[in-house]
Structure formats: C-alpha cells, structure tokens
1. Can you put LEU87, LEU305 in order, fewest other beta carbons within 10 Å first?
2. Among LYS50, LYS65, which comes first, then next, by fewest other beta-carbon atoms within 10 Å?
3. Mind checking which aspartates and glutamates have their C-alpha under 12 Å from LYS204, skipping anything on the same chain fewer than 8 residues away?
4. Antiparallel as a % of all DSSP beta bridges within the stretch 169-224, to the nearest 5?
5. Take the Cα pairs of the stretch 313-370, get the Kirkwood Rh, then feed it into Stokes-Einstein at 10 °C and 1.306 mPa s and tell me D in µm²/s.
6. Check the straight Cα-Cα distances from LYS404 and name the aspartates and glutamates below 18 Å, setting aside those fewer than 8 residues away within the same chain.
7. Taking the Cα centre of the chain as origin, sum charge times position over the Cβ atoms of Lys and Arg (+1) and Asp and Glu (-1), and report the length of that vector in debye to the nearest 20.
8. What number comes out for the charge environment of ILE6, summing +1 per Lys or Arg and -1 per Asp or Glu over other residues with Cβ under 14 Å away?
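Just so it is clear, none of the values below were taken in a lab; they were calculated from the coordinates. Just so it is clear, the model here is predicted, and its values are computed rather than measured. FYI the Cβ positions are ideal-geometry reconstructions off the backbone, even for glycines, and counts take in every protein chain you see.
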Amino acid sequence: MKRIIIEGNHTLSGKIKIGGAKNSVVALIPAAIMASGKVKISNVPNISDKDALLEILKLLNVTVKRSTGIIEIDACNLENKIIPESLSNKLRASYYFMGALLARFKRVEMYFPGGCNIGSRPIDLHLKGFESLGAKITKENSKYLIVADELHGADIFLDFASVGATINIMIAATMAKGTTHIMNAAREAEISNIADLLNNMGAKISGAGTEQITIEGVEELHGAEIKVIPDRIEAGTYIIMGALLGDNLVIEGMIPEHNIVLLNKLQEMGVNFKLQNHKIILNKTNNLKPTNVRTVVYPGFPTDLGQPIAVLLTQANGISLFDETIWENRMGHVKYLNKMGANIVAERQHAQITGPTKLHGEEITATDLRAGAALVTAGLIADGITIINDAEHILRGYERIIAKLSSVGANIKIVEV
Ligand code: UD1
C-alpha cells in the first residue's frame, strides 16, 4: 500500500504546471488502435491509468514507443485478443477498447471495466449504442461478447449525457457504414479532444462539444498526431489548494474557460485570484463566504471537483449546501474530513457543510481518486501530521502530485508500507 504523509499549514508559493487531461488520454490511447499507421500523442500525463491502458496495448500486440510526455502507438499488427478481467478492471476507460475493437474487427470479447467505486456505474448506454449500430451483445457473468456482421449509421439518443457512452459510440461509429447522430451527447472538453484525434486520423466527425454529434463513417483510418488538452480537474484541484494556502501561487498551462464554473463559484466565495491568459494566480483569503454547489454535466459544476471543493467549504464562514447529482456514492471523503474536525452532515447525495472549522491531522483513507485529492487538500491545511492510506487511488489521476506540491512549499511525501 502507498501512504501519503503531510505536515500541514505550509504556504504554497511558486508555479504548478498542469499536465494532460486524464479523461482525454484514457480515450485517446484506445482510439489510436483504429489507425493503420502510427499515432503520436503528446502532453501525455504520467498517471497510472495510462500505464494500465499500455498493458492492454501490449496484450493486443500493439507497439508503443515512449519518451517523456509522448507516446507513439503503432497498431499495424493489432490482434483481437480477449481482454482479461485482471486488465479491464484496473480502470474505467478500458471500456473504450469495446468501441475501438468493434470498429476494427466487428468483434470484441472483454470483461466489465473497473474504476472508482463512486456508484453502480452501468454501461447500458454504451451497449444500447453499439446495438443501434448493428452489434449483437451477449453477456456471461461479467464478460461481454459484442459482434456485428457490419456496423451501420444510426440515430442514437442518450437517456443521459454520459461521457463514456458518447465517446465509445463516437469511436465505434467512425468506421460504420453511413451517418450516425448522437443526440443528448455529453459536451465535455475531452470529447472534442478525442474527436480531433479521430478527424486527424481521417474520420468525419462534426459537432463534438455540442449536444449533437454527427459521424459520417469512413472505411479506413490513418496515422496522425494529437496533443492532450490540459487537465481541468487537476487544475481545479490545485486552484482550490491555492485558495486555501496560496501566496502568489501560479497555476499555469490550463485553459481557464474549462474551469469557468469553478472560477465563478470561487469569485462568489470571495477567493483572491487573478486570471492571466493560461494561468491563474491565487492568494489565501481569510473571509470566505459560504455557497451552494450542485454538480451537473458539463458545462455545469464538475462532479470530479465536488470532493475537493468540500474542503474549501469547510473553511467558509457559515453553512454551504452540496448536491451531487451524477454519482450515488461520492461522499467517501466526508467521514474522514469530519474525523479531522470538519462539520459535515451528509445524507446520500446531499451534504451540509458548516464552517469555518480548524482541521487537524489524522490517519485517514483515500476511498477513490477525487476523495483522495480532497484528503490531500485537507492535510495541507490541517494542524499536525495527516496520513492518507490507499494513496494509489490518487496516483491514478494526479501526475507527480508529490513533486508538484513539494516544489511550491508543501511538506508532503509518499511511502510504501
Ligand atoms: C467520466 C469521467 C469521470 C466523471 C464522469 C462524469 C472518464 C474516464 N471518467 O466517467 O471522471 O466523473 O465522466 O463527469 O472520463 N450512466 C448510465 N449508463 C451508462 C453510462 C453512464 O446510467 O451506460 C450514468 C452513470 O451511472 C452516471 C452518469 O451516467 O450516473 C454519468 O456517467 P458518465 O458520464 O458515463 O461517466 P463516465 O464516463 O464513467
């Protein structure tokens, strides 16, 4: 087990550079195997979710060349092997191989994906989409067999604007015969990044980033290049840390428009920040105002920042209300924040946070990736030493978090126990 140890109450000052987006790169890698030439992905974050996908590429006989921040994928000798549960359950995004292998071979055999335990996380919308494109699906225990004589374009309405289903269906439809419309599509910035790669590979996709995506199927895809967009959730997490501890803390290499809702909330709370092109400068504020946060699909307040912002709300003067509308099990951090001295009353997907409360160091556990980020944030402002167990969750999505925080003055380390 990995354990993060933090001595709290150190001011953060200097620069943190934001890496490539986790939720983009985890879809770009599977999408790349559809090309008959080499695909070069740059600004690749050094996170363990990416490593898990590269293991799957190895199984599928895909050649990968790596240098710092760059991976080059050559799927010329791609083999359609069953992706075993031990690999598929390492992360959620393994399900993008369903769409990619279905597009290339019209047949996929793989197990249910893994990922954070933040809800029941069904994949019915992905599967319904594949069925609309002409696939037949059989499920035995947790293994899926998805086959199609041919994939054809279809009009697909998503009951919920699911990120994963939008991307997976877009990937599969890229090589279907005819035109596909995905309606009520998710609009996350990452979706446009994936569509850009597919278009660079020769796909004909329009409307990515809007509610309706149109895909005209093509027969073949060729090699291409893409740069991963900056991670808006990593940026948001460090912005929240800067609001609590910043002394001219600069978060750079981000796209402020992708964090506009968070920045609006921070403004409402009275956080001291200045925006300058692709960076934001933060200074600690003492008189934070409480606010209400409701997570909703993009471009609303991101569910992935719901846990980190809870820590900021513990420091506001008064009562804040928090509503999580996407995931049914995203309150894993509450018990531990309360152990550290917070005053949070949570029931199901709602929480009432009363502040300000001084936090103190405790031994606590990261239950999932973003809960882990919230606990790191709490540890940074707590009196004394905070020990976070199961820190592997955090490394799945925050590249070099220890190095980045240490470089701006945090007293933080990671140990193997
Ligand atoms: C992605 C992100 C995750 C983020 C989430 C919502 C990745 C790798 N992960 O997850 O960080 O928290 O978007 O912004 O990009 N749903 C169904 N059926 C389906 C698919 C989803 O009912 O087939 C439901 C889910 O249970 C959930 C909601 O739709 O309640 C949103 O899920 P979705 O947008 O698909 O999230 P992910 O793509 O898994």
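1. If I rank by nearby Cβ atoms, fewest first, I get LEU87, LEU305.
2. LYS65, LYS50
3. Within reach: ASP196, GLU216, GLU219, GLU220.
4. 90
5. Estimated via Stokes-Einstein, D reaches 134 µm²/s.
6. List returned: GLU7, ASP231, GLU234, ASP247, GLU252, GLU392.
7. Taking the Cα centre of the chain as origin, the dipole is about 660 debye.
8. Local charge sum for ILE6: 0.
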